[in-house]
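For reference, the structure is listed below as structure tokens.
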Amino acid sequence: MKIKIKRNNAEGIHQALNQTLKTEFSKDDFEYFSYFTKPAGVLSLKSFEFDKGFNFNILKGDINSLLKFEFEEDNNNYLRFFFVKKGELIHTVSASIRYRLTDNYSCMVAAKDQQDQIFTFPAQKDVEILFLQVETKSFSIDFKSDIFSLPQDIGDVLMNKKMDSHIIYHSFYTLNIADTIEKIIKTKKEGIVKRFFLESKALELLWLQTEQFKQEKNEGYNPKVLRKHDIIIIKKAKDYIHENLDNKLTLSLISRAIGTNSTKLKTGFKQLYGKTFTQIMRTERLNKAKALLDKGELNVKEIAYSCGYKSTSMFSTRFKERFGTTPSKYKNS
């Protein structure tokens, strides 16, 4: 189902939804809310319209059938940001350009030559996508200040200058962006305080995404910078270690098993847990050993082997270093 949006502000988006899908639509000061029901799905769209020429939107829920949001472009430049916390969308920039975003991905895009922009949402469950849209004719942030030191091409877009080419950037978003998203979603603030808070956080997202774009444009993708996607991978690796302690594990083996690389795991373990791979292995083995000793179903030798130790003497040494007593004494205490 296609929703054609002729006015790119928050009110225009919700009016188009109401006309096409007969959604329930309400407004409270700067906040707009639409609730979708079958056949489109069971989901909501919250929007916040700010005075400085930009709006912020949160789509959340279940989509039962394919939805297409088609934004009619006009003489102004539009800079759009999507942050996919969970879900999938496909952005069609032109007849020959489209790309797909999934969990923990974000994009920043500005299309030239007044080409209508289509954002397609396939049928999916539990989607949560944030959308920030800047209408450059009305955008009134001072870019001459050091606080908003933006790349030249982005600055030209926001100052509504003629574009020579599309600007399209997408990547896994950083932990700073993930943290800002969580603060936006979980805020309990109300009234004018909520408005100022959300406006500041929306601008923060704009700045963080453009900083990420600038860094990768100048220096390339930095594998040492942890992103939300990386955290999920690193936690998956730690779970893999915990579930396979009786096997001989290496960084190379684990990285292949979970679909990443050894460098990412090595760096990620240190940044996320403050420990090396070897230290994490030792901690996981000894924690499992202590739990098995507490259960009392296996003897010390069996526990040592089940936790990846080939020598009971080495197991006893490591256990005493960690817990201040030997496994045998701990078992009999």
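For the residues A95, A257, A40, a GNM of the chain with alpha-carbon springs under 10 Å puts the largest fluctuation on A95.
Against the main long axis of the alpha-carbon atoms of the chain, helix 277-295 sits at an angle near 60°.
Please work out whether the chain counts as rounded, prolate or oblate from its C-alpha gyration tensor, where a ≥ b ≥ c are the square roots of the eigenvalues and a/c under 1.5 means rounded, while otherwise a/b larger than b/c means prolate and anything else oblate?
Details: a/c = 2.66, a/b = 2.19, b/c = 1.21.
It comes out prolate by the Cα gyration axes.
Rounded to the nearest 10 degrees, the angle from helix 10-21 to the longest Cα principal axis of the chain is 90 degrees.
Taking the Cα centre of segment 181-333 as reference, the dipole from Cβ charges on Lys and Arg (+1) and Asp and Glu (-1) amounts to some 260 debye. Taking every C-alpha pair closer than 8 Å and separated by at least 6 residues, the mean separation divided by the residue count of segment 228-332 gives a relative contact order of 23 percent. If you add up the charges near Y35, with Lys and Arg at +1 and Asp and Glu at -1, over every other residue whose beta carbon is less than 15 angstrom from its beta carbon, what do you get? That works out to +1. Roughly what angle does helix 175-186 make with the longest principal axis of the chain, taking Cα atoms, 0 to 90 degrees, to the nearest 10? It is inclined by approximately 70 degrees. Taking amide H atoms as placed 1.01 Å from N in the peptide plane, the amide H of T187 has no partner under 5 Å among residues 5 or more positions away or on other chains. Listed cross-link partners K270/K301; K4/K46; K6/K137; K162/K217; K236/K270; K68/K189 are compared with a 24 Å cut-off, the Cα-Cα value being larger for K270/K301; K68/K189. Here the spin labels are modelled as points 7 Å beyond Cα on the Cα-Cβ line, and at Q279 and R256 they lie 2.8 nm apart. The amide H of S171, built 1.01 Å from its N in the peptide plane, has S106 as neighbours under 5 Å, considering only residues 5 or more places off or on other chains. Applying a DSSP loop filter and a limit of 14 other Cβ atoms within 10 Å to the trypsin sites (Lys or Arg not before Pro) in segment 190-280 leaves K224, K248, K275. Taking θ as phi - 60° and the Karplus parameters 6.51, -1.76 and 1.60, the scalar couplings of segment 88-100 work out to 8, 9, 10, 9, 9, 7, 8, 4, 10, 10, 8, 8, 10 Hz in sequence order, x denoting glycine and proline. Just checking the listed ones, A289, A110, A16: in the Gaussian network model of the chain with Cα springs under 10 Å, the one fluctuating most is A289. Please check: in the Gaussian network model of the chain (C-alpha springs, under 10 Å), which one of M281, M314, M163 has the largest mean-square fluctuation. Comparing M281, M314, M163 in a Gaussian network model of the chain, the most mobile one is M314. Summing charges over all other residues whose Cβ lies under 12 Å from the Cβ of T276, with Lys and Arg as +1 and Asp and Glu as -1, gives +4. Label segment 153-233 by shape, choosing from rounded, prolate and oblate, from the square roots a ≥ b ≥ c of the eigenvalues of the Cα gyration tensor; if a/c is under 1.5 it is rounded, and otherwise prolate applies when a/b is larger than b/c, oblate when it is not. Cα axes put segment 153-233 in the oblate bin. Each residue of segment 209-219 was assigned a 3J(HN,Hα) from its phi angle through the Karplus curve 6.51 cos²θ - 1.76 cosθ + 1.60 (θ = phi - 60°); the sequence is 5, 5, 5, 4, 4, 5, 5, 6, 5, 7, 10 Hz, with glycine and proline shown as x. Here the Debye sum runs over all C-alpha atoms of segment 40-196 as equal scatterers in vacuum, and log10 of I(q)/I(0) at q = 0.15 Å⁻¹ comes out as -0.88.
Most simply put, the chain has about 95% antiparallel DSSP beta bridges, counting only bridges with both residues inside it.
When a/c is below 1.5 the answer is rounded, else prolate if a/b is larger than b/c, else oblate, so apply that to segment 24-92 with a ≥ b ≥ c taken from the square roots of the Cα gyration tensor eigenvalues. Before the final figure, lay out the partial values.
Working: a/c = 1.84, a/b = 1.23, b/c = 1.49.
Cα axes put segment 24-92 in the oblate bin.
What does the helix-only formula give at 222 nm for the chain: each DSSP H stretch with n ≥ 4 adding -39500 (n - 2.57), the total divided by the residues, and the result rounded to the nearest 500 deg cm²/dmol?
On the way: 11 runs with 140 residues, N = 333.
The helix contribution divided over the chain gives -13500 deg cm²/dmol.
Rounded to the nearest whole Hz, the Karplus-based 3J(HN,Hα) values (6.51 cos²θ - 1.76 cosθ + 1.60, θ = phi - 60°) of segment 123-134 follow the sequence 4, 6, 9, 6, 7, 8, 10, 9, 9, 10, 10, 10, with x at glycine and proline.
Taken together, the values in this text are just the output of simple stated rules run on the coordinates, not laboratory data. Keep in mind that this is a model prediction, so the values were computed, not measured. A quick note on method: Cβ atoms are made from the backbone with ideal geometry, for glycine too, and the neighbour counts reach across all protein chains shown.
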